[in-house]
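Single-structure report; data block below.
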Amino acid sequence: MIIISIKLQTFILICTFILKILILRFSSIGDIVLTTPVIRVLKTQLKEVSIHFATKKQFSSILETNPYIDKLHVLDQNESDFIHQLKSEKFDLIIDLHHNLRTFRIWLNLLTKRVAFDKINFEKWLFTTFKINLLPYLHVVDRYMETVLKLGVSNDDKGLDFFIKTDTNIDRFNLPENYIVYAIGGQHETKKLPENKQIELISNLKEKKLVLIGGKEDIKQSELLKNKFPNIINLCGICSIHESALVMQQSEHLITHDTGMMHIGAALNVPMSVIWGNTTPKFGMYPYYPNTKDPFKNNFEVNNLKCRPCSKLGHKSCPKSHFKCMQEQNFSGILSQINTSKL
């Protein structure tokens, strides 16, 4: 539901001062990257506007180089101090793209006009619990856009933004001229290929230089894979998010699970193949390329499983113990995409 106190178009017209807007989205990497088209159209299509964005400290590097943001507000530990800081800014409008209890508390404290993103949690619950799909056939970016349409802006169809820091340098990694990137991580285990399927996938890529990226939590698994395959260059736990982005940008192809790296890769227009486990592109979170004729062409999933999707986020392990959504993955389509990727 979009919550609004007066018609926003009228509100904009009567403003003769700089309109100060606060956008709220506290996590996570992918969700924040997906807000960037909204940031851009607000800044470029509205006159006399100041765009502020609030997020958690661990995700601030995603937005600190975004030229469309006038001020970034970072939540570290003390929420009361953070709210006090926001209150002192005297915002004219809050655009709540997170819509949870924290953002609701912030709105109650700031006492200003607000529009909020509809997370359609009931529809997601129906889909994951009873496999009844009433979800709109619409990407989440387009649903974010629907939240702000009454401001008089529209989607510019320029896709996602991710601005790599200008001083980012990956020369120390001594990467070859041509390579493929595999982002092996995932926020939940059921979003990631299990070890045996990772080995199967990489066994089909022996003729390619393969660069692994991921967080510190992926180091153990990445070392195991590197010890099995001499064609692997392991950068897990080493790269900053901007270094990882540049590594992806300079690659031939990206293989990824349903993760934030998928959305950064889409922002950088990297050719990619996405492996889906317990989640599904039907949630509207697939790689966002506006005006594409086939929005699902980069996505690989095991269809016709009665148990899937089993969660909108993920689990520590398969609730059915068989993990068919990953164990039955066939990599022929991915290999075909890699072989046809433009260098």
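Pulled fully out, how much extra length does the chain show between ASP142 and GLU89, if you take 0.36 nm times their separation in residues and subtract their Cα-Cα distance? Show your work: numbers first, answer last.
Details: separation 53, 0.36 × 53 = 19.08 nm, distance 2.88 nm.
Taking ASP142 through GLU89 to full extension adds about 16.2 nm, to one decimal.
Given a Förster distance of 30 angstrom, what is the FRET efficiency for ASN196 paired with SER240, based on the Cβ-Cβ distance and rounded to 0.05?
Numbers: r = 31 Å, r/R0 = 1.03.
My answer for the efficiency is 0.45.
So with the 1.4 Å probe, I'd like the accessible area per residue for the chain, rounded to whole Å². Could the numbers behind the result be given before it?
Numbers: 16480 Å² over 343 residues.
Here the residues of the chain average 48 Å² of exposed surface.
Each label point is 7 Å from the Cα along the Cα-to-Cβ direction; what then is the distance between the points at ARG102 and ASN339, in nm?
That separation, rounded to one decimal, is 4.6 nm.
Taking the 0 to 90 degree range and rounding to the nearest ten, how far is the long axis of helix 219-228 tilted relative to the main principal axis of the chain, both from C-alpha atoms?
Taking Cα atoms only, the helix is inclined about 30 degrees.
Would you work out if the range 70-113 is rounded, prolate or oblate? Take a ≥ b ≥ c from the square roots of the eigenvalues of the alpha-carbon gyration tensor; rounded if a/c is under 1.5, else prolate when a/b is larger than b/c, oblate otherwise.
Values: a/c = 1.32, a/b = 1.09, b/c = 1.21.
It comes out rounded by the Cα gyration axes.
Of the accessible area of the range 89-193, with the probe set at 1.4 angstrom, what percent is carbon plus sulfur?
51 percent
For ASP156, put the label point 7 Å out on the Cα→Cβ axis and report which residues of the range 244-272 keep their amide N under 17 Å from it.
267-269
Remind me, relative contact order of the chain in percent, using alpha carbon pairs under 8 angstrom and six or more residues apart?
Values: 592 pairs, mean separation 59.5, N = 343.
The normalised contact order for the chain reaches 17 percent.
Take the solvent-accessible surface of the protein heavy atoms, probe 1.4 Å, and return the percent of it on the range 212-304 that carbon and sulfur atoms account for. Provide the component values of the computation, followed by the final result.
Working: 1720 of 3530 Å².
Taking all protein chains in place, the range 212-304 shows 49 percent carbon and sulfur surface.
First check a/c for the chain, with a ≥ b ≥ c the square roots of the eigenvalues of its C-alpha gyration tensor; if it is under 1.5, answer rounded, and if not, answer prolate when a/b is larger than b/c or oblate otherwise.
Details: a/c = 1.98, a/b = 1.58, b/c = 1.26.
The shape class here is prolate.
Using alpha carbons only, how many degrees (0 to 90, rounded to 10) separate the axis of helix 101-110 from the longest principal axis of the chain?
Tilt of helix 101-110: around 20 degrees.
Helix-only estimate, please: 222 nm mean residue ellipticity of the chain, summing -39500 (n - 2.57) across DSSP H runs of length 4 or more and dividing by its residues, to the nearest 500. Don't skip to the answer; put the middle values down first.
Details: 13 runs with 109 residues, N = 343.
So the helix-based figure for the chain works out to -8500 deg cm²/dmol.
Set the bar at 31 Å for Cα to Cα. Now go through LYS87/LYS131; LYS158/LYS191; LYS165/LYS226; LYS113/LYS297 and name every pair that lies beyond it. Mind showing how you got there, number by number?
Details: LYS87/LYS131 43 Å; LYS158/LYS191 28 Å; LYS165/LYS226 29 Å; LYS113/LYS297 40 Å.
Pairs exceeding the cut-off: LYS87/LYS131; LYS113/LYS297.
Between THR65 and ASN303, what is 0.36 nm times their sequence separation minus the Cα-Cα distance? Round to one decimal in nm. Mind showing how you got there, number by number?
Working: separation 238, 0.36 × 238 = 85.68 nm, distance 3.92 nm.
The span from THR65 to ASN303 would gain 81.8 nm if fully extended.
Quick one: which of 146-159, 68-81 comes out on top by average Cβ neighbours within 10 Å, and what's the full order, highest first?
Details: 146-159: 16.3, 68-81: 13.8.
So the peptides 146-159, 68-81, ranked by packing, come out 146-159, 68-81.
At 0.36 nm per residue, and after removing the present C-alpha to C-alpha distance, how many nm does the segment from SER203 to LYS320 gain when stretched out fully? Don't skip to the answer; put the middle values down first.
On the way: separation 117, 0.36 × 117 = 42.12 nm, distance 2.76 nm.
Full extension of this stretch gives 39.4 nm more.
Using only Cα atoms, find the angle between the long axis of helix 36-45 and the longest principal axis of the chain, and express it within 0 to 90 degrees, rounded to the nearest 10.
40 degrees
Once you keep just the Cα pairs under 8 angstrom separated by 6 or more residues, what percentage relative contact order results for the range 63-172?
Numbers: 74 pairs, mean separation 26.1, N = 110.
Relative contact order of the range 63-172: 24 percent.
The values are calculated or read from the model by the stated rules, or taken from the named source; none is laboratory data. Model, not experiment: these values are computed from the prediction. Every residue, glycine among them, receives a Cβ derived from its backbone with ideal geometry; neighbour counts consider all protein chains shown. The area values use the complete protein model at the heavy-atom level, side chains included, leaving out ligands, DNA and RNA. Shrake-Rupley method; radii C 1.70, N 1.55, O 1.52, S 1.80 Å.
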